[in-house]
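Here the structure is laid out as structure tokens; the discussion comes afterwards.
Just so it is clear, none of the values below were taken in a lab; they were calculated from the coordinates. In this text the structure is predicted, and so the values were computed from the model without any measurement. Cβ atoms come from the backbone with ideal geometry, glycine included; neighbour counts cover every protein chain shown.
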Protein chains: 2
Amino acid sequence: MLKKLFPILLLSVFNFSYSQTKNIFGFNEKDAATQLSLESSFDKNLSAENVGATVKLLSAKPHHIGSPGSKENAEYILSLYKKWGWDAQIETFYVLFPTPKTRVLEMVSPTSYKAILKEPALKEDPTSGQSGQLPTYNAYSADGDVTADLVFVNYGLPDDYKILDQMGISVKGKIVIAKYGHSWRGTKPKVAQEHGAIGCIIYSDPMDDGYFAGDVYPKGPFKNEYGVQRGSIMDMVINPGDPLTPGIGATKDAKRIEKSEALNILKIPVLPISYHDAKPLLEALDGPNVPANWQGGLPFAYHIGPGKTKVHLKLAFNWDIVPCYDVIAKIKGAKYPDEWVIRGNHQDAWVNGASDPISGQAAMLEEAKSITELMKTGWKPDRTLVYCSWDGEEPGLLGSTEWVETHQKELQEKAVIYINTDGNERGFIYAEGSHALEPLMDGIVKNVIDPQTNVSIFERRKAKDALSENSTDGREKIINENNFKLDAMGSGSDYSSFIQHAGIPSLNLGFGGEGSGGEYHSIYDSFYDFSTFKDPGFHYGVALSKTAGRAVLRMSQADILPFDFTHLYSTINGYNEELQSLIKNERESTNIKNKMIKLNYFAVGEDPKKNLISPTAKSEVPYLDFSPLQNALEDLKNSADHLKVIFQDKINKNGGNSIAFNQLLYQAEQQLLTETGLPRRPWYKHSIYAPGFYTGYGVKTLPGIREAIEQRKWQEAQDQIYADAKAITKLANYLKAAALK
Amino acid sequence: MLKKLFPILLLSVFNFSYSQTKNIFGFNEKDAATQLSLESSFDKNLSAENVGATVKLLSAKPHHIGSPGSKENAEYILSLYKKWGWDAQIETFYVLFPTPKTRVLEMVSPTSYKAILKEPALKEDPTSGQSGQLPTYNAYSADGDVTADLVFVNYGLPDDYKILDQMGISVKGKIVIAKYGHSWRGTKPKVAQEHGAIGCIIYSDPMDDGYFAGDVYPKGPFKNEYGVQRGSIMDMVINPGDPLTPGIGATKDAKRIEKSEALNILKIPVLPISYHDAKPLLEALDGPNVPANWQGGLPFAYHIGPGKTKVHLKLAFNWDIVPCYDVIAKIKGAKYPDEWVIRGNHQDAWVNGASDPISGQAAMLEEAKSITELMKTGWKPDRTLVYCSWDGEEPGLLGSTEWVETHQKELQEKAVIYINTDGNERGFIYAEGSHALEPLMDGIVKNVIDPQTNVSIFERRKAKDALSENSTDGREKIINENNFKLDAMGSGSDYSSFIQHAGIPSLNLGFGGEGSGGEYHSIYDSFYDFSTFKDPGFHYGVALSKTAGRAVLRMSQADILPFDFTHLYSTINGYNEELQSLIKNERESTNIKNKMIKLNYFAVGEDPKKNLISPTAKSEVPYLDFSPLQNALEDLKNSADHLKVIFQDKINKNGGNSIAFNQLLYQAEQQLLTETGLPRRPWYKHSIYAPGFYTGYGVKTLPGIREAIEQRKWQEAQDQIYADAKAITKLANYLKAAALK
């Protein structure tokens, strides 16, 4: 059967999956019909061509924070909203944003090589040679001028240093070179600094980001030898936002701390380079060969060093305070003006950023344009819509964080939801967010049709998940799972301050998986690249408008806001079970490893020529008291089950007396915040979701408990069980009270 | 703790593990003490220096079958045995052995490249530039002169062709290029031929055999860009040995078939090349990008073709009948002259073969020398020892197969065991063989001390297995397993005809895992390479002499031959359980895949731009009747348990009346042969062990049933269950009768 026949055949097989749903969660039957008709009109106003034109326009120039391009884009976006009749303004913050003054990387021994640190313009890509493009660097690197032996540290993860320890290799006083990947980039210099390194080079290895994945740019989408991933290394897992105004808005007159006091700025110089520049350095390294799974894709055997290879790294930055332009556009809700549905996508890029972030920004603007068209027919949203184009996301979620910190009180009163998007490409729906919102997203993903296959984006994602899974049991489970699942939120885009700092229910949405490439944070993230490789025809831009637009419109129009805390309960309970397995596995693996140490297996089983240092025994893993958490979860289950009955009852009664009830629903997530936040990073207040201290973007759920176990801090783990149990009990009691309203 | 301290510390921790065992399986208490003292004297005669000198001498010149070097080596070995007073002779066979006349590989489009097909001499390696070295080729390739489009087929396995089918790519009329690895080399052209290819190139990819593993030769041991793996592609899974005399000895006047009638010679030309020669061809390929796990280690994105890349492959061979010199040396047994303990290692190499096979040959000669020394003290072996140096192993186990086929009847009467070795290097003991011999090997590996760590080779292997295992459960299991396990025998060395054709109990022994390199079947398998990287100091040569020597001496001197069929039973029963899981998994995965096909998941979940052809549903997997096998195994269990009691009783009674009983024991394995052999390859008669039809060297256990299931031949699988049950029942009844002797 050839691909061309698919759409026709599929219609008959899959028509059940996207038949018009008669019911929408949160709507009574009559209002559901109205809503579906509204969404149908909404869809009709969306134009792929227009999405493409917006991507082209907004990526025509470099537009990083502080650049003329960023200001022009913000003003253009403002002008659009104004033209459409929205109440729009630019809210400006003033934030620390370093740009390079000096960048030197050279090998001084055993041979000399001066890194070129530049991505060349390509004739195929018309924007690739523009002036004003930021050079390749990592924002918030320290200034520094260091010369030292080079050591290759694989991905620079804590586990990689354990292996170096076993080999007797220290990075103290050395410059490390680490591969991009397997952690957020900022984790690499942080861990290097913890281990005493005085400088850090990060490069894109062709095995992870280059020709191993396919043809390189411009023949194919993957990273060519000169491509460099820019990016921030601000230690965002301590707190994102302007480093000089932690916890408060970076308004013009805000009280600022000294740069040296900022806890999220590292102390060592850090530079990202291409594999072209990394090759001579790595090839010159001697010392032992790397362990088997450290080898990368350059055509020689990798060595760890240290040895005769010395490098000189000299970096200096302009540590400027620059304006950060957030465009905030509102339409007042006709029925519930004090309930805000907030929608956001950043507008700043590292360079031209056609994909990151303009593909998402263009889809969001297309939604706003379509809503404007709906309003031309006399329709008005029930709740207030707030569309936000953030500046300064790339250096550290600056625009969104400063805005949330400035308006925190009002947001915690009024914000019903924050819906985020960012870069978008051809492929499969992904969604992360507050788990009480699962039924909302379930209804949406079963209602939006995939542009390539004519099945719902839910069915397509499910088919792909089943194909990616190898085990029969796993496939069976995927096929039989008819509810869409939300992933948990880590970090890496503008939702962080909403959910993790302020407890606003949030979603992060996008499509991906069929537009892979190596353009990320390089000059090649251009309109040419995007329209050729990432979303030709811009159909997934429209699919994103439909998906995020439905989330906006359903949250705006719902009779009763579609929160279902039974989903939150079962998700947290799953995490609880994971943690119990985690500590059990840690206990068992510690025991067996200690036994192997005692039996001298490391001395006897390893190759003596490798001169490895045998590990020492670890302390045994105690049993922790999980009962407070289990009891709290039982309470939450009961409250959530009961509330669900009340909820359905109110829907059946056409939502009578809903303002107070709705407010209780959307403010429920705030009950999960703890006063003191997470250990050693109090900005993060959410007890269920946080970015990992050593993973960066990657989420840790029940983070206080989980990270304490991972870091073998047993007393802290027990304390965090109590803290999380307290937060969950607070929510359970709150929901119990809500059911009485 | 530093490595240097290990030996001292280890003595106290591990002294339990190699304390002198008082009992040896098969010996009464008094004879065990004598035996241990004998082995101690045997050990004292072994010299690492002498092993090194033998390796150097026998690898000083190229000595492939038919070469002057091979004849000289055979004559030298003969002279040694004669000097030592053994009854030694050369037994000569006449076998088909092709050598290259013409070898041309060139790319003719889109650009031209002529492959150099030559490994350069290196100044570091004194034998690397010798004349008389066989050029790089695959023996038993067909003659051919073909020009066609090139297609990259990954490792050329059946599963790789399934992926090509899905991509709509056929190799019919094309020349394929496959990576070495993941199957025996002969499988690649065989499968290519089955799919209609007209030529096959095999190359060593640097990801599998080159700089990905470490520094390349001569800086390190791994394959440099010019290294080529020679090797036979005779279809040995049909039958090994001289292709013109299948099933009979290739004596001077044997009746020969025509080459065109030989079932184990392929019809297409096949050539092995280096990654230097493969690079321009692969770089020129276009067509689709390879699937992610097909990418190799050359520094560009691999493509599959076909496209504009055409190659010309021209090969012609001298199809000569050459003499094959087996050196056979005997010492008549003083007590049981008609019971033969056979020991063998080949002497021919592809080129100089310091590692393959001389490292094993030198260890074997060292054993024979030590036994000679023992005899000088007046000691004589109880059973007849037969030490064999095989010629022509490399092209297709020629020397051993022809000898077994010639003397099959006598061997089946007299051969107590065949003990094989081949190349040997620094590392860990491995042993494969007849599972009734497990207790014999268990006693030996706990008694031989590892030269690097001073613990028994059993403890060292166990420590390494525990370190290599990642799961806690797996580690626990390894630590708690105190019995040494034999692996099952596939193919790839001279034991094949003994065990799989004639049913002679066999062992294959060696050390490995710390001498990895890329020298295999290249001119760089030299004394320089071996003494620098594979076994510096030759201590593992001595360890092999001790290990194989103990096997020889214990089998020679045992009161009752140490066969324990309860181990055979539990091993076969494990295979039986594996097969039941295999068919269950196949049933479940077929069901779920058919369900996914019906749900259209392949059409919907795959990237439409890849234009993949969705698979079609497979027939459902029936339930098979395993009860005959289960009942037969129950019988075997009972017989083996009972026989074990009788065995112990005889030992206690000092082995009285043992000749008839011993004969029954060593001939028991022959009961597992079936008259008709395996489907489509009747030469393989053993019902429990065979090399896999599509894996080559890799073993398939209960091969008739297993391969029928894997190939979805359900009726054949059922028939093979009956056949194997019959063979096992035959053995069970035979053992029952033996217990009465």
So for R0 = 30 Å, FRET eff. of A:S109-B:K219 from the Cβ-Cβ r, to 0.05, ends up at 0.95
For the range B:349-453, state which trypsin sites (Lys or Arg not before Pro) are in a DSSP loop and have at most 14 other beta carbons lying within 10 Å of their beta carbon. none
Take every DSSP beta bridge whose two residues both sit in the range B:97-318, then give the antiparallel share in percent to the nearest 5. 55
For chain B, share of DSSP beta bridges that run antiparallel, in % to the nearest 5: 60
According to a simple spin-label model (label point 7 Å from Cα along Cα-to-Cβ), what is the distance in nm between B:A660 and A:I321? 10.8
With a Förster distance of 25 angstrom and the Cβ-Cβ distance between B:K335 and B:S41, calculated FRET efficiency to the nearest 0.05 equals 0.85
Can you give the Rg to Rh ratio of the range A:97-318, both from alpha-carbon atoms, with Rh computed by the Kirkwood formula? 0.98
What is the Cα convex hull volume of the range B:203-248 when expressed per residue in Å³? 104
Qualifying trypsin sites (Lys or Arg not before Pro) for the range B:249-294 [loop in DSSP, other Cβ within 10 Å: at most 14]: B:K252, B:K255, B:K267
Orientation-averaged projected area, Cα convex hull of the range B:333-477 (nm²): 11.4
Principal axes of the range A:187-322: Cα extent on each, largest first, Å: 55, 38, 25
Pseudo-spin-label distance B:E29 to B:W294, built 7 Å along Cα→Cβ, given in nm, is 6.8
Contact order relative to length of the range B:97-318, as percent, for alpha carbon pairs under 8 angstrom and 6 or more apart: 33
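Work out, step by step, the length gained on full extension between B:L467 and B:T102: first 0.36 nm times the residue separation, then minus their alpha carbon distance; give nm to one decimal.
Going from the current span to full extension adds 126.5 nm.
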Using the structure shown, list the pairs from B:K332/B:K409; B:K485/B:K637; B:K162/B:K595; B:K335/B:K650; A:K82/A:K255 with a Cα-Cα distance above 21 Å, or answer none. A:K82/A:K255
Determine the sum of side-chain charges near A:T566: Lys and Arg each +1, Asp and Glu each -1, restricted to other residues whose C-beta is under 12 angstrom from that of A:T566. -1
Once you compute Rg and the Kirkwood Rh from C-alpha atoms, what is the Rg to Rh ratio for the range A:545-599? 1.45
Given B:K71/B:K369; A:K700/B:K462; B:K653/B:K730; B:K114/B:K308, which pairs have Cα atoms separated by over 25 Å? A:K700/B:K462; B:K653/B:K730
Counting only DSSP beta bridges with both residues in the protein assembly as shown, what percent are antiparallel, rounded to the nearest 5? 60
Under DSSP loop assignment and at most 16 Cβ neighbours within 10 Å, longest GluC sites (Glu not before Pro)-free interval of chain B: B:259-468
Trypsin sites (Lys or Arg not before Pro) within the range B:162-214: DSSP coil, no more than 12 neighbouring Cβ in 10 Å: B:K172
Please work out how much length the chain gains when fully extended from A:I116 to A:K610, using 0.36 nm per residue of separation minus the C-alpha to C-alpha distance, in nm with one decimal. 174.2 nm
Once you have the Cα-Cα distance between B:E258 and B:E481, take 0.36 nm times their residue separation minus that, and quote the gain in nm to one decimal. 75.0 nm
Counted neighbours (other Cβ, 10 Å), sorted fewest up, put B:M489, B:M596, B:M375 in the order B:M375, B:M596, B:M489
Given a cut-off of 26 Å, what percent of all Cα-Cα pairs of the range B:565-738 lie beyond it? 44
On alpha-carbon atoms, Rg over Rh for the protein assembly as shown using Kirkwood Rh? 1.01
Describe numerically, in nm with one decimal, the distance between label points set 7 Å from Cα along Cα→Cβ at A:Y76 and at A:T147. 4.7
Can you give the Kirkwood hydrodynamic radius for chain A, in Å, rounded to one decimal and based on Cα pairs? 27.0
Residue-count net charge about A:K267 - beta-carbon cut-off 12 Å; Lys, Arg +1, Asp, Glu -1: -1
Go ahead and run the numbers for FRET between B:L740 and A:N594, Cβ-Cβ distance against an R0 of 51 Å, rounding to 0.05. 0.45
